[in-house]
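Comments concern the structure below.
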Amino acid sequence: MHSHLHVLLLGGTSEASALARLLAARPDVPAMVSLAGRTINPTPPPIAHRIGGFGGVEGLCAFIEEHAVTALVDATHPFAERMSANAVAATRRAGVPLLALRRPAWQPRDGDRWSEVPDARAAVQALGPAPRRVFLTTGRLELPAFLAAPQHFYLVRSVDPPEELPPRARLILARGPFAEADEIRLMQEEAIDILVTKNSGGSATYGKISAARRLGLPVILLRRPETAEVETVATAQEALAWIERQG
Ligand code: NAP
(Lines give C-alpha, C1' and ligand atoms only; values in the text may rest on other atoms or scores of the structure.)
Protein backbone atom coordinates (compact mmCIF):
# COMPACT_ATOMS: atom_id res chain seq x y z
CA MET A 1 0.00 0.00 0.00
CA HIS A 2 1.17 3.51 -0.82
CA SER A 3 -1.57 5.46 0.93
CA HIS A 4 0.60 8.57 1.39
CA LEU A 5 1.47 8.69 -2.34
CA HIS A 6 -0.36 11.08 -4.61
CA VAL A 7 0.95 11.28 -8.15
CA LEU A 8 0.42 14.16 -10.54
CA LEU A 9 0.99 13.10 -14.15
CA LEU A 10 1.47 15.86 -16.72
CA GLY A 11 0.02 14.25 -19.81
CA GLY A 12 -0.81 14.76 -23.46
CA THR A 13 1.37 12.05 -25.02
CA SER A 14 0.97 8.34 -25.79
CA GLU A 15 3.53 7.60 -23.04
CA ALA A 16 1.36 9.48 -20.54
CA SER A 17 -1.72 7.53 -21.69
CA ALA A 18 0.18 4.26 -21.24
CA LEU A 19 1.18 5.25 -17.70
CA ALA A 20 -2.41 6.34 -16.93
CA ARG A 21 -3.59 2.87 -18.00
CA LEU A 22 -1.04 1.22 -15.68
CA LEU A 23 -2.11 3.52 -12.83
CA ALA A 24 -5.80 2.76 -13.47
CA ALA A 25 -5.02 -0.83 -12.54
CA ARG A 26 -3.40 0.35 -9.28
CA PRO A 27 -6.04 1.86 -7.01
CA ASP A 28 -3.44 1.75 -4.22
CA VAL A 29 -1.51 4.52 -6.06
CA PRO A 30 -3.82 7.56 -6.24
CA ALA A 31 -3.01 9.62 -9.30
CA MET A 32 -4.41 12.42 -11.40
CA VAL A 33 -3.51 13.30 -14.99
CA SER A 34 -3.34 16.90 -16.18
CA LEU A 35 -3.93 17.87 -19.81
CA ALA A 36 -3.07 21.23 -21.38
CA GLY A 37 -6.35 21.43 -23.28
CA ARG A 38 -4.64 21.79 -26.69
CA THR A 39 -6.53 18.89 -28.27
CA ILE A 40 -10.18 19.74 -28.91
CA ASN A 41 -11.51 16.22 -28.23
CA PRO A 42 -8.98 14.40 -26.06
CA THR A 43 -9.57 10.74 -25.27
CA PRO A 44 -10.76 10.76 -21.64
CA PRO A 45 -8.02 9.27 -19.42
CA PRO A 46 -8.85 6.15 -17.38
CA ILE A 47 -7.96 7.93 -14.10
CA ALA A 48 -9.01 11.22 -12.53
CA HIS A 49 -8.07 14.18 -14.70
CA ARG A 50 -8.09 17.94 -14.97
CA ILE A 51 -7.68 20.19 -18.03
CA GLY A 52 -5.96 23.58 -18.51
CA GLY A 53 -2.91 25.51 -17.32
CA PHE A 54 -2.04 25.82 -13.64
CA GLY A 55 -1.01 29.47 -13.87
CA GLY A 56 2.77 29.24 -14.13
CA VAL A 57 5.16 28.02 -11.43
CA GLU A 58 3.12 29.72 -8.68
CA GLY A 59 -0.07 28.00 -9.79
CA LEU A 60 1.60 24.60 -10.04
CA CYS A 61 3.09 25.03 -6.53
CA ALA A 62 -0.35 25.90 -5.19
CA PHE A 63 -1.88 22.86 -6.93
CA ILE A 64 0.82 20.55 -5.50
CA GLU A 65 0.09 21.84 -2.01
CA GLU A 66 -3.70 21.83 -2.31
CA HIS A 67 -3.81 18.27 -3.63
CA ALA A 68 -0.99 16.99 -1.40
CA VAL A 69 0.96 15.79 -4.44
CA THR A 70 3.91 13.65 -3.37
CA ALA A 71 5.44 12.82 -6.79
CA LEU A 72 5.24 14.44 -10.20
CA VAL A 73 5.75 12.72 -13.55
CA ASP A 74 6.29 15.03 -16.53
CA ALA A 75 5.10 13.07 -19.56
CA THR A 76 4.35 16.10 -21.72
CA HIS A 77 5.39 16.35 -25.36
CA PRO A 78 9.17 16.82 -25.78
CA PHE A 79 8.40 20.26 -27.25
CA ALA A 80 6.32 21.40 -24.27
CA GLU A 81 9.27 23.47 -23.05
CA ARG A 82 7.45 25.84 -20.72
CA MET A 83 5.46 23.18 -18.87
CA SER A 84 8.60 21.07 -18.35
CA ALA A 85 10.55 24.07 -17.01
CA ASN A 86 7.65 24.93 -14.68
CA ALA A 87 7.59 21.35 -13.42
CA VAL A 88 11.31 21.58 -12.54
CA ALA A 89 10.91 24.91 -10.73
CA ALA A 90 7.73 23.98 -8.84
CA THR A 91 8.92 20.57 -7.65
CA ARG A 92 12.20 22.11 -6.45
CA ARG A 93 10.28 24.72 -4.52
CA ALA A 94 7.77 22.23 -3.09
CA GLY A 95 10.41 19.56 -2.35
CA VAL A 96 8.54 16.95 -4.41
CA PRO A 97 10.39 14.35 -6.53
CA LEU A 98 10.14 14.76 -10.33
CA LEU A 99 10.54 12.20 -13.09
CA ALA A 100 10.45 12.90 -16.84
CA LEU A 101 8.84 10.22 -19.00
CA ARG A 102 10.10 11.07 -22.45
CA ARG A 103 10.67 9.04 -25.60
CA PRO A 104 14.17 9.37 -27.03
CA ALA A 105 14.68 11.62 -30.07
CA TRP A 106 14.96 9.98 -33.50
CA GLN A 107 18.53 9.45 -34.68
CA PRO A 108 19.62 9.57 -38.33
CA ARG A 109 20.37 6.29 -40.10
CA ASP A 110 22.21 5.44 -43.32
CA GLY A 111 20.34 6.96 -46.24
CA ASP A 112 18.74 9.76 -44.21
CA ARG A 113 19.11 13.27 -45.65
CA TRP A 114 18.40 15.33 -42.54
CA SER A 115 18.97 18.94 -41.65
CA GLU A 116 18.21 19.87 -38.06
CA VAL A 117 17.04 23.40 -37.27
CA PRO A 118 16.22 25.13 -33.97
CA ASP A 119 12.70 26.31 -34.79
CA ALA A 120 10.00 26.82 -37.43
CA ARG A 121 11.49 30.11 -38.68
CA ALA A 122 14.78 28.35 -39.37
CA ALA A 123 12.85 25.58 -41.14
CA VAL A 124 11.29 28.18 -43.45
CA GLN A 125 14.79 29.52 -44.23
CA ALA A 126 16.05 26.00 -44.91
CA LEU A 127 13.26 25.43 -47.47
CA GLY A 128 14.88 28.12 -49.62
CA PRO A 129 13.34 30.48 -52.17
CA ALA A 130 12.41 28.01 -54.94
CA PRO A 131 8.87 26.57 -54.74
CA ARG A 132 8.74 23.09 -53.23
CA ARG A 133 6.09 20.56 -52.33
CA VAL A 134 6.35 20.27 -48.57
CA PHE A 135 4.83 17.67 -46.26
CA LEU A 136 4.41 19.71 -43.07
CA THR A 137 3.67 17.84 -39.83
CA THR A 138 5.04 20.24 -37.21
CA GLY A 139 1.65 20.85 -35.58
CA ARG A 140 -0.73 23.73 -36.04
CA LEU A 141 0.98 26.01 -33.51
CA GLU A 142 4.10 26.20 -35.71
CA LEU A 143 2.12 26.90 -38.89
CA PRO A 144 2.13 30.73 -38.82
CA ALA A 145 5.90 30.78 -39.55
CA PHE A 146 5.24 29.11 -42.92
CA LEU A 147 2.85 31.86 -44.04
CA ALA A 148 6.06 33.83 -44.72
CA ALA A 149 6.93 31.38 -47.54
CA PRO A 150 3.73 31.22 -49.66
CA GLN A 151 5.64 30.10 -52.78
CA HIS A 152 5.63 26.50 -51.53
CA PHE A 153 2.79 23.99 -51.67
CA TYR A 154 2.11 22.53 -48.21
CA LEU A 155 0.50 19.21 -47.42
CA VAL A 156 -0.40 20.03 -43.81
CA ARG A 157 -1.27 17.21 -41.43
CA SER A 158 -2.49 18.15 -37.99
CA VAL A 159 -4.70 16.75 -35.22
CA ASP A 160 -6.86 19.88 -34.98
CA PRO A 161 -7.59 22.49 -37.68
CA PRO A 162 -5.08 25.37 -37.86
CA GLU A 163 -6.37 28.94 -37.69
CA GLU A 164 -4.84 29.86 -41.05
CA LEU A 165 -3.32 27.89 -43.91
CA PRO A 166 -0.77 29.08 -46.47
CA PRO A 167 -2.40 29.93 -49.82
CA ARG A 168 -1.29 26.74 -51.57
CA ALA A 169 -2.12 24.00 -49.11
CA ARG A 170 -4.07 20.82 -48.54
CA LEU A 171 -5.10 20.00 -44.99
CA ILE A 172 -5.34 16.48 -43.60
CA LEU A 173 -6.81 16.19 -40.11
CA ALA A 174 -5.55 12.96 -38.59
CA ARG A 175 -4.06 11.52 -35.43
CA GLY A 176 -1.37 8.79 -35.67
CA PRO A 177 -0.16 6.13 -35.69
CA PHE A 178 0.72 6.28 -39.38
CA ALA A 179 2.18 3.24 -41.20
CA GLU A 180 5.21 3.63 -43.46
CA ALA A 181 3.41 2.15 -46.50
CA ASP A 182 0.58 4.71 -46.16
CA GLU A 183 3.08 7.55 -45.74
CA ILE A 184 4.94 6.45 -48.91
CA ARG A 185 1.65 6.37 -50.85
CA LEU A 186 0.60 9.79 -49.55
CA MET A 187 3.96 11.41 -50.33
CA GLN A 188 3.96 9.92 -53.83
CA GLU A 189 0.34 10.93 -54.55
CA GLU A 190 1.10 14.51 -53.51
CA ALA A 191 4.49 14.55 -55.30
CA ILE A 192 6.14 15.65 -52.04
CA ASP A 193 9.80 16.58 -52.33
CA ILE A 194 10.63 17.50 -48.72
CA LEU A 195 9.34 16.67 -45.22
CA VAL A 196 9.30 19.19 -42.35
CA THR A 197 8.68 17.70 -38.89
CA LYS A 198 9.51 18.01 -35.23
CA ASN A 199 11.94 15.45 -33.85
CA SER A 200 9.16 14.03 -31.72
CA GLY A 201 10.65 10.55 -31.31
CA GLY A 202 8.61 7.40 -30.74
CA SER A 203 7.13 4.89 -33.12
CA ALA A 204 3.63 6.31 -33.79
CA THR A 205 4.81 8.97 -36.25
CA TYR A 206 8.10 7.39 -37.37
CA GLY A 207 6.48 6.10 -40.60
CA LYS A 208 7.04 9.42 -42.38
CA ILE A 209 10.74 9.35 -41.45
CA SER A 210 11.29 5.86 -42.84
CA ALA A 211 9.10 6.73 -45.85
CA ALA A 212 11.30 9.76 -46.62
CA ARG A 213 14.37 7.49 -46.38
CA ARG A 214 12.83 4.96 -48.79
CA LEU A 215 11.91 7.73 -51.24
CA GLY A 216 15.30 9.45 -50.88
CA LEU A 217 13.64 12.69 -49.75
CA PRO A 218 15.30 15.35 -47.58
CA VAL A 219 13.89 16.01 -44.09
CA ILE A 220 14.04 19.22 -42.08
CA LEU A 221 13.73 18.40 -38.37
CA LEU A 222 12.93 20.89 -35.65
CA ARG A 223 15.39 20.08 -32.91
CA ARG A 224 14.06 19.43 -29.41
CA PRO A 225 14.31 22.26 -26.93
CA GLU A 226 17.00 21.88 -24.28
CA THR A 227 15.51 20.88 -20.94
CA ALA A 228 16.94 20.93 -17.44
CA GLU A 229 18.62 17.76 -16.19
CA VAL A 230 15.89 15.62 -14.70
CA GLU A 231 15.82 11.90 -14.00
CA THR A 232 14.31 10.51 -17.20
CA VAL A 233 12.83 7.20 -18.30
CA ALA A 234 11.47 6.18 -21.71
CA THR A 235 8.64 3.78 -20.83
CA ALA A 236 5.49 3.79 -18.71
CA GLN A 237 6.65 0.60 -16.94
CA GLU A 238 9.88 2.30 -15.80
CA ALA A 239 7.86 5.32 -14.66
CA LEU A 240 5.57 3.09 -12.58
CA ALA A 241 8.62 1.44 -10.99
CA TRP A 242 9.96 4.92 -10.09
CA ILE A 243 6.57 5.89 -8.59
CA GLU A 244 6.57 2.74 -6.47
CA ARG A 245 10.03 3.62 -5.16
CA GLN A 246 8.67 7.00 -3.96
CA GLY A 247 6.23 5.17 -1.65
P1 NAP B 1 4.15 24.56 -23.31
O2 NAP B 1 4.44 25.65 -24.24
O3 NAP B 1 5.27 23.96 -22.54
O4 NAP B 1 3.00 24.97 -22.30
C5 NAP B 1 2.38 26.22 -22.27
C6 NAP B 1 1.47 26.27 -21.09
O7 NAP B 1 0.40 25.36 -21.25
C8 NAP B 1 2.13 25.85 -19.79
O9 NAP B 1 2.88 26.90 -19.22
C10 NAP B 1 0.92 25.44 -18.97
O11 NAP B 1 0.21 26.58 -18.54
C12 NAP B 1 0.05 24.77 -19.99
N13 NAP B 1 0.27 23.33 -20.06
C14 NAP B 1 1.06 22.63 -20.91
N15 NAP B 1 0.97 21.32 -20.68
C16 NAP B 1 0.10 21.18 -19.65
C17 NAP B 1 -0.43 20.06 -18.94
N18 NAP B 1 -0.07 18.80 -19.27
N19 NAP B 1 -1.31 20.30 -17.93
C20 NAP B 1 -1.67 21.57 -17.61
N21 NAP B 1 -1.20 22.65 -18.23
C22 NAP B 1 -0.35 22.47 -19.24
O23 NAP B 1 3.45 23.33 -24.06
P24 NAP B 1 2.27 23.30 -25.14
O25 NAP B 1 1.69 24.65 -25.32
O26 NAP B 1 1.41 22.15 -24.78
O27 NAP B 1 3.04 22.87 -26.42
C28 NAP B 1 4.28 23.40 -26.82
C29 NAP B 1 4.74 22.74 -28.09
O30 NAP B 1 4.65 21.32 -28.03
C31 NAP B 1 3.93 23.16 -29.28
O32 NAP B 1 4.83 23.35 -30.33
C33 NAP B 1 3.02 21.97 -29.53
O34 NAP B 1 2.70 21.85 -30.91
C35 NAP B 1 3.86 20.83 -29.07
N36 NAP B 1 3.01 19.73 -28.65
C37 NAP B 1 2.80 18.72 -29.51
C38 NAP B 1 2.01 17.66 -29.14
C39 NAP B 1 1.82 16.53 -30.08
O40 NAP B 1 1.25 15.54 -29.72
N41 NAP B 1 2.29 16.62 -31.32
C42 NAP B 1 1.42 17.63 -27.90
C43 NAP B 1 1.63 18.68 -27.03
C44 NAP B 1 2.44 19.72 -27.41
P45 NAP B 1 0.42 27.24 -17.07
O46 NAP B 1 1.73 27.93 -17.13
O47 NAP B 1 -0.75 28.13 -16.92
O48 NAP B 1 0.41 26.11 -16.09
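The values are calculated or read from the model by the stated rules, or taken from the named source; none is laboratory data. Quick caveat: nothing in here was measured; it's all calculated off a predicted structure. Because the Cβ atoms are built from the backbone with ideal geometry, glycine has one as well, and the counts that use them run over all protein chains shown. Only protein heavy atoms, including side chains, enter the accessible area calculation; ligands, DNA and RNA are left aside. Shrake-Rupley method; radii C 1.70, N 1.55, O 1.52, S 1.80 Å.
Quick notes
- Sorting the segments 133-143, 65-75 by their mean number of nearby beta carbons within 10 angstrom, highest to lowest, gives 133-143, 65-75.
- Rounded accessible area per residue of the stretch 51-93, 1.4 Å, Å²: 48 Å²
- Hydrodynamic radius (Kirkwood) for the stretch 92-194, which is based on Cα pairs only, to one decimal in Å: 15.8 Å
- Gap separating the Cα centres of the stretch 98-134 and the stretch 24-80, nearest whole Å: 29 Å
- Summarising the overall dimensions of the chain from its C-alpha atoms, the Rg and Dmax are 19.5, 63 angstrom.
- Accessible surface comparison of 187, 32, probe 1.4 Å, protein chains only, largest first: the order is 32, 187.
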